[in-house]
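Visitor: There's a structure below that I have some questions on.
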Amino acid sequence: MKNISKLIILQLFAAALLFSIISSCQNKTTTDSKEGLKNTMKPNFLVIIADDAGWNDFSFNGSEINTPTLDSLAQSGLKLDRFYTYPTCSPARASFLTGRPASRMGIVAPISGRSELSLPDTIKTLPQSLKELKYKTALMGKWHLGLNPENGPEAYGFETSYGFLHGQLDQYAHTYKNGDSTWYKNGKFIAEKGHVTDLLTNAAIEYIKEQDSSTPFYLQLAYSAPHIPLQEPKLWLDEYPMITDNSRKAYAAAMSHMDDGIGQVLKSLKDQNLLNNTIILFISDNGAQQKWLPSEELYDGKYGPNLTLGSNLPLRDYKTSNYEGAIRVPAIISWKNHLDQGESENYIQVTDWMPTFLKWAGATQTPISIEGEAAQALLSLKLIDRSNPIYIRGHLQECLIKKPYKLIRTRRLEGESSYALYDIEKDPSETNNLSTSNTEKFKELQDLLNTEFSKDTPEVNVELRD
């Protein structure tokens, strides 16, 4: 009997062990299946762009301006300490959407007035490429790459669009500085009430509410803040009793107003259970503007002057130049459980985002027009040198950056061009011109700069007088 009992016990133990092994295999298969699904799900993209926000206009960089939402995003995500863009709005946005230098397309300055200039329709854009990968695409906010509805966002791959076509606008009347219409929705000018910051925030939230996990989306939310004219509600002005300069107070209020809107948008992602699979990128299009002295014709003389606007300290100069204050701007990227947290010192430029996003979206090939590089490896705490130097062309200057040096050339219609060479890691304020003391590095970067300059469209190249 004892032997029979032992046999029964052994059989029961064997059966239990077999059941445990089968269950474990089934669980692993289920887990692997879920993991496989997770790995094949394409990420959503939320790109948030501030307008003329400077290095020293965010509390995460030590500013007196409070930006708690972006502080939190910087803390939980990856703060990009060496992100480079363009000196002004239109070139920055053109480069972002095409992955190539804007000067190749004849865009080296803001598109303004009643200009007919627009983004070329022969170059494939980021939203067009994402649409081919089955993404929904939307732009809420500033376009500034064509001032008429026929060359607005819909012509370049955005299925949904809402906001303004020009570079600036009255925050309540929603008209351009010369009185022209600029507020539109899906290709048609419209009229509605409300502050621009609130309208864009609400539109982004409504768009996100319409999304689900079955179809990935690309949403570009391009605020007008803190661009002039500054027209902030008392609610936001009252946040800064300690700032006595009324212009800087209004600027700070615009920044906090925008930061609060961004917080609402991120909350909507969380409420829709979309946060974990959404790549969030925040950038400023260019550095801060120093001051604004408008003529009486602009906005009928109702706004300005503003003698104190943004701050790029400790970086040098303001928008329109090629000094660090104009082109090195705050940037944060966040993708939960996929990207490092902390501060990255790797050099990244605005043309890199298109190939980077397309790689994340599963593209097997990218348009041949792209000159930026996929930056997955650079989006890391580990120090990595980028493959190619950074070339940035404005309407006043151009520069070539090859870590840790930067060469700036200032061209003149009359007289010779002038050069300045800086070690931007040792000298971020660009006070020590090395062009005569480090002639070998100067010549190396000058040759690289000339090569890049020669690739630009002839329409924007003027004769050099070296």
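The values are calculated or read from the model by the stated rules, or taken from the named source; none is laboratory data. A quick note: this is a predicted structure, and the numbers were derived from the prediction, not measured. Cβ atoms come from the backbone with ideal geometry, glycine included; neighbour counts cover every protein chain shown. We work out accessible area using only protein heavy atoms, side chains counted, and drop any ligands, DNA or RNA first. Shrake-Rupley method; radii C 1.70, N 1.55, O 1.52, S 1.80 Å.
Visitor: Step by step: first the residues of region 142-177, then only those that are aromatic (Phe, Trp, Tyr) and assigned to a loop (DSSP other than H, G, I, E, B), then the one that is nearest to the chain's Cα centre (by Cα). Which residue is that? I'd like the intermediate steps shown before the answer.
Guide: So the first thing to find is which residues in region 142-177 are aromatic (Phe, Trp, Tyr), and the list is 143, 156, 158, 162, 164, 172, 176.
Among the residues that remain, those that are also assigned to a loop (DSSP other than H, G, I, E, B) are: 143, 158, 172, 176.
On the way: Trp143: 13, Phe158: 17, Tyr172: 25, Tyr176: 23 Å.
Out of the qualifying residues, it is Trp143.
Visitor: Name the one entry in Leu445, Leu383, Leu449, Leu421 that is closer than 19 Å to Glu324 by Cβ and either assigned to a strand (DSSP E or B) or open to solvent by 40 Å² or more (accessible area, probe 1.4 Å) (or both).
Guide: Exactly one residue qualifies, and that residue is Leu421.
Visitor: Still on this structure, please answer the following. What are the pairs with Cβ atoms under 8 angstrom where one residue, in region 398-410, is surrounded by fewer than 19 Cβ atoms within 10 Å (Cβ to Cβ) and the other, located anywhere, is of a type in the set (Ser, Thr, Tyr) and assigned to a strand (DSSP E or B)? Sequence gap at least six, or different chains.
Guide: The qualifying pairs are Lys403/Tyr347; Thr410/Ser418; Thr410/Tyr419.
Visitor: Of the conditions (1) more than 22 Å from Tyr156 (Cα to Cα); (2) of a type in the set (D, E, K, R); (3) out of contact with any Gly (no Cβ under 9 Å at 6 or more places or on another chain), Lys188 satisfies every one except a single condition; which number is it?
Guide: (1)
Visitor: Could I ask something else about it? May I ask you to say which residue of Leu275, Leu235 is in contact with a Leu (Cβ under 6 Å, 6 or more places away or on another chain) and open to solvent by 10 Å² or more (accessible area, probe 1.4 Å)?
Guide: Criteria check complete, one pass: Leu275.
Visitor: Taking region 347-361 as the search range and keeping residues that are in contact (Cβ under 8 Å) with a residue 40 or more places away in the chain and under 14 Å from Tyr218 (Cα atoms), which one is surrounded by the most Cβ atoms within 10 Å (Cβ to Cβ)?
Guide: Met354
Visitor: Which of the residues that make up region 330-346 are open to solvent by 10 Å² or more (accessible area, probe 1.4 Å) and over 13 Å from the mean Cα position of the chain (by Cα)?
Guide: Of everything in region 330-346, those that are open to solvent by 10 Å² or more (accessible area, probe 1.4 Å) and over 13 Å from the mean Cα position of the chain (by Cα) turn out to be Trp335, Lys336, Asn337, His338, Leu339, Asp340, Gln341, Gly342, Glu343, Glu345.
Visitor: Please list, ordered by first then second residue, the pairs with beta carbon atoms under 6 Å, 6 or more apart or interchain, first in region 61-76 and within 21 Å of Thr278 (Cα to Cα), second among the aliphatic types (A, V, I, L, M) and assigned to a helix (DSSP H, G or I).
Guide: Short answer, once both residue conditions are applied: Thr69/Ile262.
Visitor: If only one of Ala155, Ala138, Ala204 is more than 28 Å from Pro101 (Cα to Cα) and modelled with pLDDT of 95 or more, which one is it? Walk me through how you get there before you give the answer.
Guide: On the way: Ala155 fails: more than 28 Å from Pro101 (Cα to Cα); Ala138 fails: more than 28 Å from Pro101 (Cα to Cα).
It is Ala204.
Visitor: Scan region 280-307 residue by residue and report those that are of a type outside the set (Ser, Thr, Tyr), assigned to a loop (DSSP other than H, G, I, E, B) and surrounded by fewer than 21 Cβ atoms within 10 Å (Cβ to Cβ).
Guide: Gln290, Lys291, Leu293, Pro294, Glu296, Glu297, Lys302, Gly304, Pro305, Leu307
Visitor: Going through region 167-214 one residue at a time, which ones are open to solvent by 10 Å² or more (accessible area, probe 1.4 Å), out of contact with any strand residue (DSSP E or B) (no Cβ under 6 Å at 6 or more places or on another chain) and under 23 Å from Ala361 (Cα atoms)?
Guide: Hits for region 167-214 are Ile205, Lys209, Glu210, Asp212, Ser213, Ser214.
Visitor: Would a scan of region 87-97 turn up a residue that is at negative phi and open to solvent by 20 Å² or more (accessible area, probe 1.4 Å)?
Guide: No, region 87-97 contains no residue that is at negative phi and open to solvent by 20 Å² or more (accessible area, probe 1.4 Å).
Visitor: Exactly one condition in (1) surrounded by fewer than 23 Cβ atoms within 10 Å (Cβ to Cβ); (2) over 29 Å from Leu315 (Cβ atoms) is not met by Thr137; state its number.
Guide: Every condition holds for Thr137 apart from (1).
Visitor: Quick check: anything in region 358-378 closer than 24 Å to Asn276 by Cβ, at pLDDT 95 or above, in contact with a Leu (Cβ under 8 Å, 6 or more places away or on another chain) and in a helix (DSSP H, G or I)?
Guide: Among the residues of region 358-378, at least one is closer than 24 Å to Asn276 by Cβ, at pLDDT 95 or above, in contact with a Leu (Cβ under 8 Å, 6 or more places away or on another chain) and in a helix (DSSP H, G or I), which makes the answer yes.
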